[in-house]
1. To the nearest 10 square angstrom, how much accessible area does residue 306 have with a 1.4 angstrom probe?
2. With charges set only on the Cβ (+1 for Lys and Arg, -1 for Asp and Glu), what does the dipole of the chain come to about its Cα centre, in debye to the nearest 20?
3. Given the chain, what percent of its DSSP beta bridges are antiparallel, to the nearest 5?
4. Between residue 309 and residue 148, what FRET efficiency comes out of the Förster formula 1/(1 + (r/R0)^6) with R0 = 51 Å and r the beta carbon distance, rounded to 0.05?
5. Based on alpha-carbon centroids, what's the gap between the stretch 43-111 and the stretch 271-308 in Å, whole number please?
6. In deg cm²/dmol, rounded to 500, what helix-only [θ] at 222 nm does the chain give when every DSSP H run of at least 4 residues adds -39500 (n - 2.57) and the total is split over its residues?
7. Taking H placed 1.01 Å from N in the peptide plane, check which residues at least 5 places from residue 51 or on another chain put their amide H under 5 Å from its amide H.
8. Could you please state how large a percent of the accessible area of the stretch 194-259 is carbon and sulfur, counting protein chains only and using a 1.4 Å probe?
Amino acid sequence: MSGPALPGRVVALSGGVGGARFLDGVARALPPGALTAVVNTGDDFVHLGLHIAPDLDTVMYTLAGLADETRGWGLREETFATLAMVGLYGGPDWFLLGDRDLATHLVRTEALRGGATLSEVTARLSGALGIQTRLLPMADGPCRTMIDTLSDGTLAFQEWFVGRRAQPAVRAVHFEGLPPPAPGLIDAIDACDLVLIGPSNPYVSIDPILALGGVRAAIARKRVIAVSPIVAGRAVKGPLATMIHELTGQPPSAGAIARHYRGLLAALVVEHGDQGSLDGLPSLATATIMHTRDDRLRLAREVLAFAGALITKEPA
Ligand code: FO1
């Protein structure tokens, strides 16, 4: 007996580590070419003269099977000799750039200075790493996530997240610069059967993508399923649980994620036991924490089968 048909074309929105791991599962669960990944670039910054795109690189290294699985970002078996020398000179060594990772930033920066767009460089770098998934930065132009803090004024994302270990309490998040979405992004959404939102931080990883002109409206016309980055009241990684409390006054829960994406979602994928707070939003309850590569594939297959059943049941 065959199950519901898998969605044919899928667009998935992603930030760094959690989103990248989910994308890895979805990419392997679908036929080659079926997935377009749209990646947050609000975290990008220029550091030591280089264009650093942390979420794009985390996604690229994860899909290529090269990511450091413990940290979640950067390359595995990395060394930091160049950074040690930067520190010896009194240069900025607070952001950990590995020796091999630096090659990505050097080649990207040189290509951008030569007139290539971020989309073009991303296609070149991901192609060189053998990645078959289409990777789109959310935009070619700069859109910078800025964190308004209670104690330290307004900080650029990496300055807050890495430089101050996400310690200053957050009053608000805003984005500087609203470039057009990357070429092909709206077309990819228009042509897809399903939009997935990975288990990424909604405020700093997904909202920058949704803020770009036309993206939220295009997504709102589609069947959208998100995976909750909150499990049993805690963030799987990073400062999200504290941010939910600081920004909404609510306790962190899958329900807070559902309310954040109100009006967009057909369903939310949550951890077993987390369905209680969803205010009636349809959900799939399963094991959402991805410890292994097999977990990623299993979760992706479950989400796609669930989406297939939703599509079969409720034609758009
Ligand atoms: N995250 C950290 O917490 N500390 C770092 O020193 C750090 C360096 C770094 C270098 C390259 C890269 O691609 C990512 C890096 N990240 C680091 C992760 C980065 O801050 C991401 O933006 C966040 O993980 C949010 O997605």
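The values are calculated or read from the model by the stated rules, or taken from the named source; none is laboratory data. All values reported here derive from a predicted model rather than from experimental measurement. Glycine gets a Cβ as well: all are built from the backbone with ideal geometry, and neighbour counts include every protein chain shown. SASA here: full protein model, heavy atoms, side chains in, ligands and nucleic acids out. Shrake-Rupley method; radii C 1.70, N 1.55, O 1.52, S 1.80 Å.
1. Accessible area of residue 306: about 40 Å².
2. Working: 27 positive and 31 negative charges, 135 e Å.
It works out to roughly 660 debye.
3. Values: 16 of 39 bridges.
Expressed as a percentage, antiparallel bridges in the chain total about 40.
4. On the way: r = 42 Å, r/R0 = 0.82.
It comes to 0.75.
5. Centre-to-centre (Cα) distance: 32 Å.
6. Working: 11 runs with 112 residues, N = 316.
Mean residue ellipticity at 222 nm (helix-derived): -10500 deg cm²/dmol.
7. Excluding prolines and chain starts, which carry no amide H, the hits are 109.
8. Numbers: 1120 of 2110 Å².
Taking all protein chains in place, the stretch 194-259 shows 53 percent carbon and sulfur surface.
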